[in-house]
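A.B. asks: Before I ask anything, here is the structure I am working with.
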Amino acid sequence: MDVTFQDGKVVRYDVECLFNKYPSLKALEERKLFLSGKLMGYYGIIWTDDLDLETETIYNEGVVIRDVRPANKIGEVILKARAKAGLSQKELAARTQIDQSDISKIERGISNPTIDTIEKIAVGLGGKLEFKIKIDNRKLLKQEER
């Protein structure tokens, strides 16, 4: 099975590897039963009262086959700037009054911070927020010619 996780990783997990360890899971060879599995929040996948598989097992023991996160340039910039400043996420959180878990989400690309949040982080890193938009007039002219 392929499972897409909140962090954008798509993990492939072969349930068959559990058949010897947990013989009851061998029932999942029946395709109809396998397809009847339901995702139960963060717990995992449940087929019946006796058949389930924890999300943690799939994530930790499966194979990452791709990452579907969109490119997150701001998270990468913040991570690099924080490392260059020699600050931990916890230290940056204290300076910015932004929860450490939110800083982690921004750096990992699973959260889209507001401009106000980015500005707080920039100041917390000893900098300031500046925007720069570069326009290539040659491209604009070519588009207008069409």
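The values are calculated or read from the model by the stated rules, or taken from the named source; none is laboratory data. All values derive from a computational prediction rather than experimental measurement. Neighbour counts are summed over all protein chains in view; Cβ atoms, including those assigned to glycine, are modelled from backbone coordinates with ideal geometry.
A.B. asks: Which of the residues belonging to region 8-43 are among the aliphatic types (A, V, I, L, M) and under 20 Å from residue 60 (Cα atoms)?
C.D. replies: Across region 8-43, the qualifying residues are 10, 11, 15, 18, 25, 39, 40.
A.B. asks: Can you go through 26, 9 and tell me which one is modelled with pLDDT under 90 and not assigned by TED's automatic domain parsing to the domain that holds residue 109?
C.D. replies: That would be 9, the only listed residue that is modelled with pLDDT under 90 and not assigned by TED's automatic domain parsing to the domain that holds residue 109.
A.B. asks: Of the residues 43, 59, which single one is more than 30 Å from residue 115 (Cβ to Cβ) and touching a residue at least 24 places away in the same chain (Cβ under 8 Å)?
C.D. replies: Exactly one of 43, 59 is more than 30 Å from residue 115 (Cβ to Cβ) and touching a residue at least 24 places away in the same chain (Cβ under 8 Å), namely 59.
A.B. asks: Within region 18-33, can you find the residues that are free of Cβ contacts under 8 Å to residues at least 24 places away in the same chain, surrounded by 10 or more Cβ atoms within 10 Å (Cβ to Cβ) and within 31 Å of the chain's Cα centre (by Cα)?
C.D. replies: Listed by number, the residues that qualify are 19, 22, 28, 29, 33.
A.B. asks: Return yes when residue 57 is closer than 17 Å to residue 9 by Cβ and modelled with pLDDT of 90 or more and no when it is not.
C.D. replies: Here the answer is yes, as residue 57 does meet what is asked.
A.B. asks: Further question: Keeping to region 91-115, report how many residues are of a type outside the set (Val, Ile, Thr) and either assigned to a loop (DSSP other than H, G, I, E, B) or loosely packed, with under 10 Cβ neighbours inside 10 Å (or both).
C.D. replies: Qualifying residue count for the region: 6.
A.B. asks: On to the next question. Can you name the condition, by its number, that residue 74 falls short on among (1) outside any strand (DSSP E or B); (2) among the β-branched types (Val, Ile, Thr); (3) modelled with pLDDT of 90 or more?
C.D. replies: (3)
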